[in-house]
Amino acid sequence: MTNAGTLHRIPTRPWRWLPWLVASQVVVILVWVLAGWRWGLPLMVASHALFMVPVFLPNSRFYTPVLDRLPDAGDSVWLTIDDGPSEETPALLDLLDQHQAKATFFLVGERALAHPDLVEAILRRGHDLGNHSHTHPQTRFWRLGPVAMRAEIEGCHQALETVSGRPARWYRSVVGMTNPFVAPVLAALGLVRVGWSARGYDGVGCTPEGVMARLLPDLQPGAIVLLHEGAAHGHNLAIIERVLQVLDQRGLKARLPSL
């Protein structure tokens with residue numbers, strides 16, 4: 001569907017932001033010394049914001065490259081399903097089969113280890129796996145330091161390889177948040193960070209109608225569609241079925257990219 005070169009987003013310079021950080025703080029110090037705190041303080045706050053805001057922007061390339069659309073996709077979209085495996089996985093696999101659709105399941109490592117049969121079923125049905133951290137620390141992922149971040153990403157990487165017998169190629173940050181310590185781990189493991197271009201916010205409290213209203217404009221060729229399984233609201237299967245129906249109506253095919 002797309003060639004390997006266009007999907008190559010493995011970080012090659014994971015610390016490229018560091019010289020900019022040092023330079024910005026040198027400028028802050030010089031301004032503070034020469035012009036006083038009235039200029040130095042606002043500049044310091046602005047410089048810190050410059051490095052903090054990208055952490056919370058899901059498709060920001062500030063700290064690491066990200067694949068957020070499929071180039072030269074033809075009539076294809078990429079379905080990506082986060083947070084499994086879950087008790088909904090078997091029904092979800094049946095639903096995908098009914099529509100001859102393929103998806104990448106971004107799995108949580110500890111959940112994969114707890115349900116190896118579901119991971120095996122995902123692969124047996126012709127789908128793919130992605131790394132979505134080992135424990136899914138949703139509220140604190142953004143502030144993990146280098147040791148904890150490596151443990152989350154490497155832990156999931158090892159879990160998926162243990163269960164499936166193959167290394168994952170794809171990685172997605174928890175809630176899309178990516179701090180300075182993500183890129184070095186991705187570079188070491190050869191992982192490509194995957195974002196999205198179509199999102200309905202189906203991982204939190206929602207209605208199928210509201211999710212579809214947000215998704216429909218972006219269900220276009222080349223879209224990377226973010227979906228979830230196992231959310232507490234219980235609507236994920238209904239939402240995914242509607243997405244698959246819309247893809248059929250629009251003549252779009254849910255296919256896996258190759259790398």
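Using the alpha carbon gyration tensor of the stretch 218-257, what are the three equivalent-ellipsoid semi-axes (square root of 5 times each eigenvalue), largest first, in whole Å?
For the stretch 218-257, the ellipsoid semi-axes come out as 20, 12, 8 Å.
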With +1 on the Cβ of every Lys and Arg and -1 on the Cβ of every Asp and Glu, the dipole magnitude of the chain about its Cα centre, in debye rounded to the nearest 20, is 1120 debye
To the nearest 0.05, the calculated FRET efficiency linking THR162 and LEU21 through their beta-carbon distance, R0 being 45 Å, is 0.75
Hey, with R₀ at 41 Å, roughly what FRET efficiency would ALA35 and VAL147 work out to, going by the Cβ-Cβ distance, to 0.05?
0.60
In Å, the C-alpha Rg and Dmax of the stretch 69-221 are 15.5, 43
Calculate, in nm to one decimal, what LEU57 and ASP94 gain on full extension: separation in residues at 0.36 nm each, minus their alpha carbon distance.
10.0 nm
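From the P(r) of the stretch 1-128, could you give the percentage of C-alpha pairs in the tail past 27 Å? Don't skip to the answer; put the middle values down first.
Values: 3933 of 8128 pairs.
Taking all Cα-Cα pairs of the stretch 1-128, the fraction more than 27 Å apart is 48 percent.
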FRET efficiency, 1/(1 + (r/R0)^6) with R0 22 Å, evaluated for ASP75 and ARG125 via beta carbons:
0.55
Show me the helices of the chain, taken as full DSSP H stretches, that run 24 Å or more along their long axis by Cα and average 1.6 or above in Kyte-Doolittle hydropathy.
18-35
Go through THR104, THR162, THR135 and list them by solvent-accessible area, largest first, probe radius 1.4 Å.
THR162, THR135, THR104
Over 16 Å, how big is the tail of the calculated P(r) for the stretch 16-55, in percent of all Cα pairs?
32 percent
Among the Cα-Cα pairs of the stretch 133-196, the proportion with separation greater than 16 Å, in percent, is 39 percent
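How high is the relative contact order of the chain, given as a whole-number percent (alpha carbon pairs under 8 Å, six or more residues apart)? It would help to have the intermediate numbers written out before the result.
Working: 489 pairs, mean separation 74.6, N = 259.
Reported as a whole number, the value is 29 percent.
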Charge dipole of the stretch 125-259 about the Cα centre (unit charges at C-beta), most positive-ward option of ALA198, LEU237, PRO257:
PRO257
Probe 1.4 Å, all protein chains present, accessible-area order of GLU88, GLU110, largest first
GLU110, GLU88
Sequence-distant residues sharing a close amide H with HIS228 (under 5 Å, placed H):
ASP82
Between ARG214 and GLU154, what is 0.36 nm times their sequence separation minus the Cα-Cα distance? Round to one decimal in nm.
18.3 nm
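The values are calculated or read from the model by the stated rules, or taken from the named source; none is laboratory data. The shown structure was predicted, so the numbers you read here are calculated from the model rather than taken from an experiment. Here Cβ is always computed from backbone atoms with ideal geometry, including for glycine, and neighbour counts include all displayed protein chains. In case anyone asks, the SASA skips ligands and DNA or RNA and just uses the protein heavy atoms, side chains included. Shrake-Rupley method; radii C 1.70, N 1.55, O 1.52, S 1.80 Å.
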